[in-house]
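Single-structure report; data block below.
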Amino acid sequence: MKYLYKIVISLIIIFSFSSVQAQTEEKENIRHYEINETTISANKPIEKTSIGSKVTQMDSTLLIKNKANDLATLLTRHSTINIKSLGQGALSTASFRGTSSNHTQVLWNGISLNSASLGSFDFSQVPVYFTDKVTLYHGSSAQQSGSGALGGSVDFGSNDKPVTKPYFSLLSEYGSNNTATGAGTIRFTKKKLTSSTKGYYQQSDNDYRYLNKVFSNKPFYENRKNAAYKQGGVMQELFYNPTEKDILNLMTWYQYDNKELPQNILSNTTAKETLVSNNVRIIGSYQTNRGINQFKLTMANLWGKMNHKRNFGSFSDLSKNKNNSFVTRIDYRIDNIYKWDLGLTANYRNDMVKSSSYDGKAIHRNTYTARGFAMYRITPKLHFDLDATAECVDKKLYGIYNISGRYFLINQYLILKASNAYNHRTPTLNDLYWAPGGNPNLKPETGFSWDASISSSITTGIFDLYFEALYYHMNINDWIMWIPTDNGYIWSPVNFSKVNSQGSELTAKMTVNYKKTNHILSGNYTFAHSVDNSNRGDDAQGKQLPYIPRNKWNIDYEFWYNNTFWINANCSFTDIRFTSADEEYYTNAYYQLNAEIGCMLSLKSHQLKLSCKLDNILNSYYESTQYYPMPLRMWRLQLNYVF
Amino acid sequence: MKYKFLLTMVTILIVTSCTQVDTDSSVIIPSSTELRAIVVSEGQFGYGTGSLTTVTHDQQVTQDVFKKINNRVLGDIPQSLTQIGDNYYIPVNNSRKIEVIDSKSFKTVETMVLNTQIIPMYVEHLGGDSIIVSDQSSSAIPGSSEFSSLMILDINHGTDRQIIRRRIKMNFPTFQMKLIGKKLFVSGAELSVFDLDNLNASARRFVKNAENKPFSICDFSKICIDKRGLIWALTPGSVVCIDPNTEKIINEYFVDGLSSRWGNSDIDKDGRYFYFNSGTKVYSIDTDNPSTPSKPIINHNNNDPEWTTYALGVTKENTVMIVRVLFGSITRGRVFEYDRSGNIVKYYLDSEGRNQPYFRAGIFPHYIHFL
């Protein structure tokens, strides 16, 4: 009865939502539906570059299945990148190839969302519901996202080609720990204008029970304390198509997060820490396609406010932060001019951060970027590209580049790729201006990276197979780290670490469509050997960096019958992660096994999808971050109506 | 066929998903006659890597003794270790608890969970079944009943009792304590004095300097007693010698470069030589013939300021153990042992069989207890 009540509440929440955003959502489940929709045909998207580097497009069906999850959960289960999380709904950061979360750029429709003050981004603040596509740019390929992405970048947002078919969807989910989710989408087109509006809300008591075996001499059960959260948002997209060759696009996203921040289970504190953030992000763009010429003008405004209240014993404070960023970007590209594709980009960005940590002062950062791109098809099978960027940050000039190539060994069946890049990351505003301790003399971190891969894609009748194996090598110099200064009371950032990271990534996907059944088996494996080469005379020399697992894999199996009934199982493994730099302390490896069963009922244009999800089936105790327990077995029931 | 494959996969996952247990039941704790020192390491804040390291007279070093014996970690920021009877008392700062372990077996006797916001730092035995615990927290929380305080605890272990007997409101952080006769001296932002038979905030006095003002003692400076019964302690700018009877400073020695609140100090077992550090430099004052030291007796790694002195202790053999850590490096700290001439006196074999002028303790070793 209680659960029924919650479901009703969730549904009410959904219906009360209406707002803004545009999403190019394929009518639910693009693989299993006949989609009779009209796409705006005027413009091709500005294509990405780095043809010899690894780029992973997350399968759209994964996005649909994970609609009620955050982006951190999706990436943990279905990608090779490493997510460090403090728990469900709590701070979650991502890192590629043995680098840190500061080396991962996060972009919404191509605009960087990384905090100018922190450098990193919290993936728990992005509902998958608000994404139509998620693209991972690994290693050198992230250079096209600008500087800072020494490890890689994650670009999420809307589909390049907006869908104009009217669409209405409601989603409601309720599950363990009083976790309720409601979401809705409405899309319509009137003449040349398409509007898409989405709303999302999730709240959870997040008070899961676990056995605390570490705090005292007597193990005891306890519920997770101070971990509740609420998050919601609305997204509005408007597409205006004055001619077949032009498109105007306006995207607005408001996101609200109110989270209690749980402490580790060794810290016996009754005090509370809360984080409340509000973000408004607006992107407007105009794109035109004239023959082989493409032009795009993008303007964006990112506004955010965050209040971090800490109440630790005798220490209580409220940290207030505001940020406001303006971005103007112009892209021009010309394709197929003889054997060349050429591109130019000019970008200006102004970041303003006002923080009580900077003595209440507003700090501005101006970044000017000029980028050139050229791809040359030497032969139909052999292509090269060069991507070079000059960047001026606070009147200091830097250069980065990426050169890559690919060779079609056996047409599309077997492709060889290789790339080399040089990138840098400027110190964050916290690094420079934090009071006390900021260090205005910091140098940027710099990194060289190389990678080479072989991939194969085979389709024969009922059988599809994709496979890719990749090796990478990366050196990062002047790694920035905060250390206590002489008197011990003030921490300050310095440049000193040299990090060498090398490893391999394997990706495979097999699809079998036989009569009324579909089988999809996919998996990722990554090996990361990321070591400290600073040679400071301590015991960290040559040792694996903290919280970088050497081995990580995930495997996913999905079975469909008659496009109406499905079963999905997903298993992920994360190896031990050292918590000290000398490999003397570590947190345990863990597996996580999740499953979902569902069915879909269709009546004319109405569809109703019902699914039941079970996370952490083995009910195993595990920690993404040491002494921050993750939820044990959890169930969720989801109802999704589409018209 | 595929069902068998799936079944096999699931079985493998279930079997291999058992939680890894990091215990070492084979660890043998040396007897108290073999043990020479126990090093308490804080670990990294929030990471729960606090630990105990034991070292014997024949230079055998055992790491993470508490974890190996008790199959769990010691906690978040263990701060000190005090022997009372057959037990060791270890306040664990960020875990707000005091671990009580048997001094022979190192097995847990009791975890004294305080369930308050105080931050336990050091323990002093008041006699009988009472101990007093200092508190690093700095002031009252607005709108709450919590306040920085000294706590008197009941140590009748194993009984159903109220662990905190009472609290003495202080309003500033307190650190090391010393019971001298019937007086309790408590270091902190002010050097407080209580009479043992009147342990109340209202009866608190302060030792005052030449300007008749209270002064602070370095957070980790021990309150040392020389052979004449005088107190020696380190302030952020000087070394002070105090008469515990008059509760007044007798002499104050100003040392160049002494400015940090992070100074450590100790005195030898004969109560003659008082040692203290300023950054990487270790100084000594002969309490029989005291004067301001003109130069350090030890200046280890003078050219490498990234390595800092994190703790200091004087052994029963009147040598000085110095803990050095590399800031920004979350690795085991190194413990060196010097004589008064500044020479290394002990060498230890490392895990690769090489002779090293130090042994490794835990991460951020911060307190050395000598047996």
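Which residues in the stretch A:136-178 have a backbone N closer than 11 Å to a point placed 7 Å from the Cα of residue A:604 along the Cα-to-Cβ line? In the stretch A:136-178, the label zone of residue A:604 (backbone N under 11 Å from the point 7 Å along Cα→Cβ) covers no residue.
Counting Cβ atoms of other protein chains within 10 Å of each Cβ in B:329-336 and taking the mean gives 6. If the segment from residue A:240 to residue A:643 were pulled out straight at 0.36 nm per residue, it would be longer than the present Cα-Cα gap by 142.7 nm. Spin-label pair residue A:458-residue B:71: with each label point 7 Å from Cα along the Cα-Cβ axis, the two points sit 5.0 nm from one another. For the stretch A:499-531, trypsin sites (Lys or Arg not before Pro) meeting the loop criterion (DSSP other than H, G, I, E, B) and having at most 13 other Cβ atoms within 10 Å: A:515, A:516. When each of the peptides A:168-177, B:75-84, B:30-39 is scored by how many other beta carbons lie within 10 Å of its residues on average, the order from highest to lowest is B:75-84, A:168-177, B:30-39. Modelled spin-label separation between residue B:243 and residue A:57, with each label point placed 7 Å from Cα along the Cα-to-Cβ direction: 8.8 nm. Below 12 angstrom from the Cβ of residue B:79, what's the summed charge of the other residues (Lys, Arg +1; Asp, Glu -1)? Local charge sum for residue B:79: -3.
Distance from the C-alpha centroid of the stretch B:238-303 to that of the stretch A:64-142: 53 Å, rounded to the whole angstrom.
When you count the other C-beta atoms within 10 angstrom of each residue and take the mean per peptide, A:64-76, A:600-612 line up highest first as A:64-76, A:600-612. Centroid-to-centroid, using Cα positions, the stretch A:177-205 and the stretch B:307-334 are 58 Å apart. The gain in end-to-end length when the residue A:328 to residue A:466 segment is fully stretched comes to 45.9 nm, 0.36 nm per residue minus the alpha carbon separation.
Scattering from the stretch A:484-626 was approximated by placing one identical point on each alpha carbon and applying the Debye formula without solvent; log10 I(q)/I(0) at 0.12, 0.19 1/Å stands at -0.71, -1.15.
Inter-chain Cβ neighbour count for A:577-586, averaged per residue, equals 6 (cutoff 10 Å, partner chain atoms only). Centre-to-centre, using Cα atoms only, the stretch A:504-556 and the stretch A:354-372 are separated by 35 Å. Could you tell me which of rounded, prolate or oblate describes chain B, using a ≥ b ≥ c as the square roots of the eigenvalues of the alpha-carbon gyration tensor, with rounded for a/c under 1.5 and, failing that, prolate when a/b is larger than b/c and oblate otherwise? Here chain B falls in the oblate category.
Using r as the Cβ-Cβ distance of residue A:350 and residue A:517, and R0 as 51 Å, what FRET efficiency do you calculate, to the nearest 0.05?
Efficiency, rounded to the nearest 0.05: 0.40.
Restriction of the chymotrypsin sites (Phe, Trp or Tyr not before Pro) in the stretch A:375-442 to DSSP coil positions whose beta-carbon has at most 14 other beta-carbons within 10 angstrom yields A:413. In this simple spin-label model, placing a label point 7 Å from the Cα along the Cα-to-Cβ direction at both residue B:345 and residue A:338 gives a separation of 8.2 nm.
Quick check on chain A: take the gyration tensor over C-alpha atoms, sort the square-rooted eigenvalues as a ≥ b ≥ c, and tell me if it's rounded (a/c under 1.5), prolate or oblate.
In terms of gyration-tensor shape, rounded.
Among the chymotrypsin sites (Phe, Trp or Tyr not before Pro) in the stretch B:72-111, none is located in a DSSP loop while being surrounded by at most 15 other Cβ atoms within 10 Å of its own Cβ. Scaled against the 2.2 N^0.38 Å expected of a compact globular protein of N residues, the Cα radius of gyration of the stretch A:255-321 reads 1.94.
If packing is taken as the average number of other Cβ atoms within 10 Å across a peptide's residues, how do B:187-196, A:79-88, A:186-195 rank, most packed first?
The packing order, highest mean first, is A:79-88, B:187-196, A:186-195.
For chain B, the longest principal axis of the C-alpha atoms and the axis of helix B:2-16 are separated by about 30°.
Each reported figure results from applying straightforward, stated rules to the coordinates on display, with no laboratory input. All values reported here derive from a predicted model rather than from experimental measurement. Neighbour counts run over all protein chains shown; Cβ positions are idealised from the backbone, glycine included.
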